[in-house]
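What follows is a set of notes on a single structure, which appears directly below.
Values in this text are rule-based calculations from the coordinates and carry no lab data. This one's a predicted model, so the numbers in the text were calculated from it and none came from an experiment. Note: ideal-geometry Cβ built from the backbone for every residue, glycine included; neighbour counts use all protein chains shown.
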Amino acid sequence: AQSVSQHNHHVILSEAASLELGCNYSYGGTVNLFWYVQYPGQHLQLLLKYFSGDPLVKGIKGFEAEFIKSKFSFNLRKPSVQWSDTAEYFCAVIGHDMRFGAGTRLTVKP
Amino acid sequence: GAGVSQSPSNKVTEKGKDVELRCDPISGHTALYWYRQSLGQGLEFLIYFQGNSAPDKSGLPSDRFSAERTGGSVSTLTIQRTQQEDSAVYLCASRGRILNTGELFFGEGSRLTVL
């Protein structure tokens, strides 16, 4: 089965700082990649997804992610974070089924 | 309903008791997943149902855990002889027929506390 690894467990940033959250996956076949976000007290929701085509994917709220096949990576980025971005972020991959990484908790200090 | 519905939202039980958690997916969604979310553990895959195919049970942590999906719709996750380490939020998600639409729609979760 496929697996997903997220490098950072907890990231603390100040507002306006740039963000990059790492995600690596392992799977031998064609993958579809996702980032989900869980705001405090809310359910998981889709942030962005990659299926094919342009490896640079833009999502909601100014987030983007780049699929680098040679590195098996799908890192999430945002040039300038806001306090409202405080949440937990999960990378996920669909291969045979859908697997999630352990998540990265982002805390943005005002 | 419009979204994935889970019940109960909160369940407190005593060690050794059995519990059942219910998931009502979005109407027409053929794929249904159960995950467990524990503090610091992220989202742990438990089981996956796809249409009429045999479920992928590879994530179930022990034989105390089982799940069924009746009529291709509602699913029940059963935990027998609960242990304290079973305390977590159990999340259900469903997905539409076409794999490459990809997006999972999550329920609010059932928070299980085993005393």
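Restricting region B:1-35 to residues that are of a type in the set (D, E, K, R) and more than 18 Å from B:R95 (Cβ to Cβ) leaves a set whose member that is surrounded by the most Cβ atoms within 10 Å (Cβ to Cβ) is B:K11. Output the residues belonging to region A:87-110 that are away from chain B (no Cβ under 14 Å) and assigned to a loop (DSSP other than H, G, I, E, B). Hit for region A:87-110 is A:P110, nothing else.
What number of residues in region B:25-46 are more than 9 Å from every other protein chain (Cβ to nearest Cβ) and not aliphatic (A, V, I, L, M)?
Number of matching residues: 8.
The criterion of at least 1 residues that are in contact (Cβ under 8 Å) with a residue 40 or more places away in the chain, within 11 Å of chain A (Cβ to nearest Cβ) and touching a helix residue (DSSP H, G or I) at 6+ places or on another chain (Cβ under 8 Å) is met by the following strands (runs of 3 or more DSSP E) wholly inside region B:47-115: B:88-95. Considering region A:1-46, the residues that are surrounded by 15 or more Cβ atoms within 10 Å (Cβ to Cβ) and among the β-branched types (V, I, T) include one that is nearest to the chain's Cα centre (by Cα), namely A:V37.
Taking the criterion of being buried (at least 20 other Cβ atoms within 10 Å of the Cβ), assigned to a strand (DSSP E or B), of a type in the set (A, V, I, L, M) and in contact (Cβ under 8 Å) with a residue 12 or more places away in the chain, the residues of region A:47-86 that qualify are A:L47, A:A65, A:L76.
Sub-9 Å Cβ pairs linking a first residue in region A:13-32 that is free of Cβ contacts under 8 Å to residues at least 24 places away in the same chain and more than 17 Å from A:I94 (Cα to Cα) to a second residue that is aromatic (F, W, Y) and surrounded by fewer than 18 Cβ atoms within 10 Å (Cβ to Cβ), at least 6 apart or interchain, number zero.
Among the residues of region A:53-65, what is the count of those that are out of contact with any Asp or Glu (no Cβ under 7 Å at 6 or more places or on another chain), within 13 Å of another protein chain (Cβ to nearest Cβ) and closer than 17 Å to A:A92 by Cβ? Here the count works out to 2.
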